[in-house]
Amino acid sequence: LEGERLYEQSIRYHHPICVMVLDIDRFKDINDQFGHAAGDQVLVQVADLLRSTVRKVDIAARFGGDEFIVLLPESTSEIGVVLAERLQECLDANHFDLGGASIQISFSFGIASCHPGEGHMPSLDELVREADLKLYEAKHEGRNQIRQIAF
């Protein structure tokens, strides 16, 4: 609901908007090796990392399973890439503690953005779908990567 409101504002005022979908690479391996409780712990830590990294005006939420979505108002895909790189740096610098074991995780990112008034104007659902397609492209091409598209 809030995302739709921000998207409509973007259109009305001709401001860019960006959607980022991110997925924990090889999350199933974490659940298989350490158990689902440990996997849940990783999800909580990732949510905390997102909250501490995104701006107050951004919306970050769990998108299902081990995927998260971030809506970045007033942002181009280049700004989305900067945020994705910042998140990768945070992950590289931090390990996740799982009951005595310390693991490192990585993300794959898909980013889609548009700037109203410049060419095709996708709906918010289309932006999310395109970001998700870019995420799968990043996973297919080796994981721990960022793929983007701009309209």
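The values are calculated or read from the model by the stated rules, or taken from the named source; none is laboratory data. These numbers were taken from a predicted model, which means no experiment stands behind them. Neighbour counts run over all protein chains shown; Cβ positions are idealised from the backbone, glycine included. For accessibility, only protein heavy atoms count, side chains too; no ligands or nucleic acids. Shrake-Rupley method; radii C 1.70, N 1.55, O 1.52, S 1.80 Å.
Quick notes on this one:
- Residue within the range 80-95 that is assigned to a loop (DSSP other than H, G, I, E, B) and surrounded by 15 or more Cβ atoms within 10 Å (Cβ to Cβ) present: no
- The residue that is surrounded by the most Cβ atoms within 10 Å (Cβ to Cβ), among those in the range 41-75 that are part of a helix (DSSP H, G or I) and β-branched (Val, Ile, Thr), is VAL46.
- Restricting attention to the range 106-122, the residues that are in contact (Cβ under 8 Å) with a residue 60 or more places away in the chain and at positive phi total 1.
- Test set (1) hydrophobic (A, V, I, L, M, F, W, C); (2) assigned to a helix (DSSP H, G or I); (3) surrounded by fewer than 17 Cβ atoms within 10 Å (Cβ to Cβ) - MET121 fails condition number: (2)
- Unmet criterion (only one of (1) in contact with a Leu (Cβ under 6 Å, 6 or more places away or on another chain); (2) touching a residue at least 60 places away in the same chain (Cβ under 8 Å); (3) not small (Gly, Ala, Ser)) for ILE149: (1)
- Within the range 60-81, residues that are without any contact (Cβ under 8 Å) to a residue 24 or more places away in the chain have Cβ atoms under 8 Å from residues that are open to solvent by 50 Å² or more (accessible area, probe 1.4 Å) in these pairs: ALA60/ARG51, counting only partners at least 6 apart in sequence or on another chain.
- Matching residues in the range 54-77 - criterion: being among the acidic types (Asp, Glu) and under 14 Å from the mean Cα position of the chain (by Cα): ASP58, ASP66, GLU67
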